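Below is a structure I'd like to ask you about.
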Amino acid sequence: MRILLIHPNRSIGPVMNWYGEAPLGILYLSAVLEKAGHLTDLIDLTPYLINRSSLRSFLRGKTIPTYARDLLERTKAFKPDLIGFSVVSTHYSLSVALSNLIKESFDVPIIFGGSHPTVDPEETISEKAIDMICIGEGEHALLELVTKIDEGKDISQVKNIWIKEGSNVLRNPIRPLIQDIDSLPYPNREILDKRYFKSGGTSFITGRGCPYQCSYCVNSHLQKLYRGLGKFIRYRSIQKVIDEINYTIERYKIRKVTFSDETFTTNKKRTIEFCNAYKKEIGLPFICQTRCDTVDRELVTTLKDAGCELVSMGIESGNDFLREHILNRKMPRDKIIKAFRLAREAGISTNAFNMIGVPFETERTIDDTININRVVTPDGINCSLFMPFKGTRLGELCEKKGWIKNPLEELPDYYYDTVLEPPSISRTELIAHRSLFDLYVHLQEKYHPLLNLFKFLWVHLPSEQLRSIYGRLINAGLRGPMLKLAKKEINP
Ligand code: B12
Ligand code: SF4
């Protein structure tokens, strides 16, 4: 069979260039299908860098943008028997709009898989253009579905798959998690846009699942979904990962590696064994992400020794109450500070993930987050606006309280805007805070009154349009010189 996979991405163009981080879920699906003799192709919208206004006009039916026209052209040329969209919540509306467009011209079944259908299956399957959805892990489910379609067999009982049958929906149960993830073939990077390799690197996963239960993350939903269906945390054998990296070096000439595991160092013993093997057999520089509370001196020294250049760690909120009780990240402040210090002392650059706009956030709690970043002084600062995803405890709270006010489909992504209007702080204040966040962290306190003035003006401008122009001016004109000034102050 011919299966066309679609990555309707609209938010991470620059990330693609920096890290070469690939949509591995799709590549695993492709590998499994091709191994069984099917043909796959990928349409990846990442290179189009879809902007907000083009998206808005497409969603309102006013225009058919280039990426949608190209998608129709490529669908026509590939002649798929099945189309699969891989969908995260922020790209759901775009995916639905594209599916509607496809259905106007082609009589081909469409299946949605990925995080969004997994956390919100009922809404997804209710869309007219969507014939099937896949909940959770997709390799075995999609292969079984495709094989059965191919052989003309009954597809009504494929586990993980929900199927429309007239006005009825067949809701099949979930199959156990794949326990031996070594049994999966390497992700099929052949279908990736060649631009993914421009950065000189690509991404790998050494295990699946995360043991923590942060209240804003899809993981806690997955843990519940899979209760009783096998071990949730699964690791690949070290040798298998090393073999895959070696194969990828040979095939794509990569010179650096990104590990996309959610928490790369959860299991210290295994991480150390892995790093030792990696150093001996690969030796390329790599980056990874993890939790501060898994880090100690021995671990960071081993990471550095193996070639780790950058580790990203979540601070998320600098306010102890928000972090520990609202975000459910039971991690004392001193552990966070220590983890960043240890990484720096080991010679590894650090990147901090922060999130503002969580329920009960106020100006004061944002100050706490700025302040902890000023203490930690990470090399890179990443600040996003909290997004209340379905299936998460915080998402449910926001929905129940009626705080979700703005349409999700019009968000560029969760860096620049939020769907929330919590009573404790306004959306405009959050957007202004996010934009000025790194300046507050990097600039000396004597400049903070100036930043306060920028923020005050931002919040008090009379219209959304003026605020948006002002925001762009600050980002384009001011950020560069201010950051230069900050560097000069630190390094005169
Ligand atoms: C690595 C990663 C990234 C990487 C790579 C992204 C990618 N597309 O793979 C980067 C950094 C680029 C990234 C970016 C973003 N990410 Co991200 N990311 C992850 C992370 C940590 C791991 C993903 C992964 O590779 N898992 C392993 C593979 C094997 O699993 P998988 O991708 O889920 O795919 C399996 C199934 O979902 C299913 N499946 C997937 N697609 C399809 C399609 C079909 C047809 C079928 C049948 C099945 C199927 O089968 C696959 C194989 O088993 C997850 C956390 C998590 N727990 O998933 C977050 C996560 C997916 N990301 C998330 C978000 C929000 C984003 C961004 C929107 C962030 C932003 N503001 O830019 C972007 C969107 C990018 C995009 N369009 O995918 C959220 C999604 C939440 C939600 N409710 O939708 C997650 C769940 C984290 C969270 N906050 O909870 N991300
Ligand atoms: S540690 Fe990261 S991946 Fe794990 S539950 Fe928390 S936010 Fe999700």
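Just so you know, all these numbers are worked out from the coordinates, no wet-lab data involved. Worth saying up front: this structure is predicted, and the values here are computed from it rather than measured. All Cβ positions, glycine included, derive from the backbone under ideal geometry; neighbour counts span all protein chains shown.
May I ask you to evaluate 6.51 cos²θ - 1.76 cosθ + 1.60, the Karplus curve with θ = phi - 60°, for each residue of the stretch 185-191 and list the ³J(HN,Hα) values in order in whole Hz, giving x for glycine and proline?
Whole-Hz 3J(HN,Hα) from phi for the stretch 185-191: x, 4, x, 7, 7, 5, 8.
Same structure, new question: Quick one: of the DSSP bridges fully inside the stretch 200-442, what percent are antiparallel, nearest 5?
Rounded to the nearest five, the antiparallel share is 10 percent.
So, one more: Around residue 258, under 14 Å between beta carbons, what's the net of Lys plus Arg minus Asp minus Glu among the other residues?
Within the 14 Å Cβ shell, the charges total -1.
Loop-only check: which trypsin sites (Lys or Arg not before Pro) in the stretch 380-477 are DSSP coil with at most 12 other Cβ within 10 angstrom?
405
Okay, next question. Given the rule -39500 (n - 2.57) for each run of at least 4 DSSP H residues, summed and divided by the residues of the chain, what is its mean residue ellipticity at 222 nm, to the nearest 500 deg cm²/dmol? Mind showing how you got there, number by number?
Numbers: 19 runs with 211 residues, N = 492.
One gets -13000 deg cm²/dmol as the mean residue ellipticity at 222 nm.
Can I ask one more? Looking at the square roots a ≥ b ≥ c of the eigenvalues of the Cα gyration tensor of the stretch 340-492, which shape do they give, rounded for a/c under 1.5, prolate if a/b is larger than b/c, or oblate?
oblate
Considering the chain, which cysteines have no disulfide-compatible partner, defined as another cysteine with its Cβ under 4.7 Å away?
134, 210, 275, 288, 292, 308, 383, 398
Each label point is 7 Å from the Cα along the Cα-to-Cβ direction; what then is the distance between the points at residue 276 and residue 298, in nm?
1.1 nm
Quick one: grab the alpha carbon gyration tensor of the chain, order the square roots of its eigenvalues as a ≥ b ≥ c, and give me rounded if a/c is under 1.5, else prolate or oblate depending on whether a/b is larger than b/c. Please report the intermediate quantities before stating the final value.
Details: a/c = 1.69, a/b = 1.26, b/c = 1.34.
Taking the square roots of the gyration eigenvalues as a ≥ b ≥ c, the chain is oblate.
Restricting to the chain, compute how many DSSP beta bridges are antiparallel as a %, nearest 5. Spell out each step's value before the answer.
Details: 10 of 49 bridges.
Roughly 20 percent of the DSSP beta bridges within the chain come out antiparallel.
State the extension gain, in nm to one decimal, for the chain segment bounded by residue 107 and residue 153, taking 0.36 nm per residue of separation less the distance between their alpha-carbons.
Value of the extension gain: 14.6 nm.
Under 22 Å Cα to Cα from residue 280, which lysines show up? Leave out anything in the same chain fewer than 8 places away.
240, 253, 256, 268, 269, 304
Another question, if that's okay. Can you classify the stretch 48-204 as rounded, prolate or oblate using the Cα gyration tensor, where a ≥ b ≥ c are the square roots of its eigenvalues, rounded means a/c under 1.5, and otherwise it's prolate if a/b beats b/c and oblate if not?
oblate
What FRET efficiency do you get for residue 213 and residue 464 if R0 is 45 Å and r is their Cβ-Cβ distance, rounded to the nearest 0.05?
For R0 = 45 Å, the calculated efficiency reads 0.75.
For the stretch 187-238, which trypsin sites (Lys or Arg not before Pro) are in a loop by DSSP, counting at most 10 other Cβ atoms within 10 Å?
227
Restricting to the stretch 2-171, compute how many DSSP beta bridges are antiparallel as a %, nearest 5.
For the stretch 2-171, the DSSP antiparallel bridge percentage is about 30.
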